[in-house]
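Report on one structure; see the data block that follows.
The values are calculated or read from the model by the stated rules, or taken from the named source; none is laboratory data. Keep in mind it's a predicted model, so treat the numbers as computed, not measured. Using ideal geometry, Cβ is built from the backbone for each residue, glycine included, and neighbour counts are taken over all protein chains shown. Surface areas here come from the heavy atoms of the whole protein model, side chains and all, with no ligands, DNA or RNA. Shrake-Rupley method; radii C 1.70, N 1.55, O 1.52, S 1.80 Å.
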Amino acid sequence: RGKTKVVRITEKDDATSRKGVDKAKRAAKHRKALVWSSSPCTGGSNWNHINKVKPGGMKKFLRHRRLWHKIWTKTEELCAAAEKSGAKIAIEWLSSCQYWNMAKVKSLLSRYHLKKAKCDGCAMGLIGRKGAPIYKPWTIATNCDELYEALNKQKCPGPKVHKHEHCAGSNTKMSEGY
């Protein structure tokens, strides 16, 4: 249906800086743009209940949450600019990320009519260090119908089709680079 301009908010762009947000907002001025936000989900991990009680764990958790709040504030600003220009929005985290349950996230999803597509990394070719698929369930909230339809079909075919490597250790970091 034509070319779509994709704008990713990356660590390199520094999503918390005015320069990074302005760069993304300029790209989002195009009606055919897709603003894709994939902020770190470490502060929303289910492992936090365990990690917080380890030495230094609470301090790390709070640091992750502060960074996320800064990024989320800029994400809200960028989504408003995207809607104004008619650009599409996509927000991605692990399906189990606790951020999905936060009131301000739910509010943004509702405000911009973002639907949650559920997909699995193994169904999209996510491969671990040993060469086996990695089961990594993602949720992408989007107002782009074509993206929703394409991603929501990507489900793990099950253990009769393939066995998984665990998404742990070096596979975790590697799985961020899609």
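Some notes on this structure:
- For the range 151-178, the candidate set comprises residues that are without any contact (Cβ under 8 Å) to a residue 12 or more places away in the chain and among the hydrophobic types (A, V, I, L, M, F, W, C); within that set, the residue that is farthest from Ile91 (Cα to Cα) is Val161.
- Odd one out for Ser85 among (1) under 21 Å from Val21 (Cα atoms); (2) in contact with a Cys (Cβ under 7 Å, 6 or more places away or on another chain): (2)
- Subset of the range 13-31 (residues that are modelled with pLDDT of 85 or more and either in a helix (DSSP H, G or I) or of a type in the set (Lys, Arg) (or both)): Arg18, Lys19, Gly20, Val21, Asp22, Lys23, Ala24, Lys25, Arg26, Ala27, Lys29
- Within the range 63-74, if we keep just the residues that are under 16 Å from Ser107 (Cα atoms) and touching a helix residue (DSSP H, G or I) at 6+ places or on another chain (Cβ under 8 Å), the residue that is least open to solvent (accessible area, probe 1.4 Å) turns out to be Trp72.
- Qualifying residues in the range 34-59 (those that are surrounded by 15 or more Cβ atoms within 10 Å (Cβ to Cβ) and at pLDDT 85 or above) - the one nearest to Ala24 (Cα to Cα): Val35
- Residue within the range 82-101 that is open to solvent by 40 Å² or more (accessible area, probe 1.4 Å), touching a strand residue (DSSP E or B) at 6+ places or on another chain (Cβ under 8 Å), aliphatic (A, V, I, L, M) and part of a strand (DSSP E or B) present: yes
- Candidate set: the range 143-178, residues that are charged (D, E, K, R) and in a helix (DSSP H, G or I); chosen: the one most open to solvent (accessible area, probe 1.4 Å): Lys173
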